Structure formats: C-alpha cells, structure tokens
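Accompanying notes for the structure given below.
The values are calculated or read from the model by the stated rules, or taken from the named source; none is laboratory data. It should be emphasised that the depicted structure is a prediction, and the values quoted were computed from it without experimental measurement. With ideal geometry, Cβ positions are generated from the backbone for all residues, glycine too; neighbour counts draw on all protein chains shown.
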Amino acid sequence: MLGFQDLSLVFIAYLVGSIPFGLLISQAVGRLDIRRFGSGNIGTANVLRIVGKKAAVLTLVGDLLKGFLPALAAVLLGGSELLVAGVGMAAVLGHNWSIYLRFAGGKGVATSFGALLAMTPLPALLGLLVWFGVLLVFRYTSLAAMAACVCIPPVIFFSIGFGSYWTFSLLVALLIFIRHRDNIKRLWAGTEYRVGQRIQ
C-alpha cells in the first residue's frame, strides 16, 4: 500500500509533468502561442517547425527531464519498481493532460523516454537508436516515436522480464499511439509533416 511519501511523489511528478515547456519556451523565444500554429501540439517537433532549433532543443530537454527527474528521485529514495513506474506514469499523464492547460497537453514521447531512462537505461537507449534510425530514413518524427515505443517493451522483457517497468513501457506505447491518431491519418494520406519542413 502506498504511504504518504509515495503518494506525494506521484502527485509532485504529475505537477512537474504538467509544466508545458513547449508553450512557455515558444512564448519566451518566439512570442507566440505554439498551440495556434502548425499541428497545434506543444511538443518538440511543432516547436522546431514553427519557432526554430534553439526553442526545440530547450523544449526537448525540458520535456525529457520532467520524466527523468521524478522517476530518478523515486529510484534514489529506494522506491519499489511499482512506485517508480507510477511516478513515471504520473509525469507522462501530466504532460499529456496538464493541469495548467485545462487538461490539454502533448503526446508524451520525450517525457516517457525520460522516465524510461531512469528506470531501464539500456532499453531506453536502444529505443533512442531506433528513433534516430527511423527518423534518418523517413524524416517523420511521429513514425520514429511509434517505432521506438513498439521496440522497447520486448527489450525490457528480454533484459529484466515482466514487471512494473515492462507494464509501464506497454502503457506509454499505447498512449503514444492514441496521441498520434492524427499523425497516423496524415502518414496514411501522405500529408504528414517531415523534419525540416517549416509551416507558414
């Protein structure tokens, strides 16, 4: 049963995950509301297309850290796998349904990766390699994200077996596919945005 400290970690992780770095950075750097441009998403890919590389890098780092740091804190505090996975999931849910944005948000790719990096570094890094490979070949960030999230659960299973981290990887993969519904439609129609394609 979760104690007060455990519940506090989960709640704090949700609040940290809810920080909309893409929106805040776009407002600071580009003086615009990223939600009104491009795909309307607050994530790195849309920030890159609309605002530029500097803002995109800052967004990526911020979104990654808000998954990584809460999960790492749970690990360092001696939390069980279940607690660490719960903290990571809270951060992802915060990003996807931010309390600061009236429960709107992003797609959770970078935040999920950050949490996985704290939980299972090797499978997370192998997933990153898949992401880079697919991105280099096809130049679709959405396709790269979905390919990577499909590859990570089997790697976790064969490296550490079934458990909370494996379950977490399955759940975030499902969320990533759900949050990429529109991207899947555009990929099928051949109208998906490519890396380097700027939207006016």
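Assorted remarks:
- Selection status of residue 72, surrounded by fewer than 16 Cβ atoms within 10 Å (Cβ to Cβ), on the phi < 0 side of the Ramachandran plot, assigned to a helix (DSSP H, G or I) and at pLDDT 95 or above: no
- Test: residue in segment 42-52 that is under 18 Å from the mean Cα position of the chain (by Cα) and surrounded by fewer than 17 Cβ atoms within 10 Å (Cβ to Cβ): no
- Extreme residue, nearest to the chain's Cα centre (by Cα), among residues of segment 180-197 that are assigned to a helix (DSSP H, G or I) and of a type in the set (A, V, I, L, M, F, W, C): 184
- Residue count, segment 128-160 (criterion: more than 21 Å from residue 195 (Cβ to Cβ), surrounded by 15 or more Cβ atoms within 10 Å (Cβ to Cβ) and either within 15 Å of the chain's Cα centre (by Cα) or not β-branched (Val, Ile, Thr) (or both)): 3
- Cβ-Cβ contacts under 8 Å between residues 6 or more apart (or on different chains), taken from a first residue in segment 76-101 that is at pLDDT below 95 to a second residue that is of a type in the set (A, V, I, L, M), are listed as 77/9; 79/9; 79/87.
- Taking first residues from segment 102-127 that are touching a residue at least 24 places away in the same chain (Cβ under 8 Å) and surrounded by fewer than 24 Cβ atoms within 10 Å (Cβ to Cβ) and partners that are not in a helix (DSSP H, G or I) and not aromatic (Phe, Trp, Tyr), no Cβ contact under 6 Å between residues at least 6 apart in sequence or on separate chains turns up.
- Scanning segment 1-28 for residues that are touching a residue at least 40 places away in the same chain (Cβ under 8 Å), closer than 17 Å to residue 110 by Cα and part of a helix (DSSP H, G or I) gives 13, 14, 15, 16, 17, 21, 22, 23.
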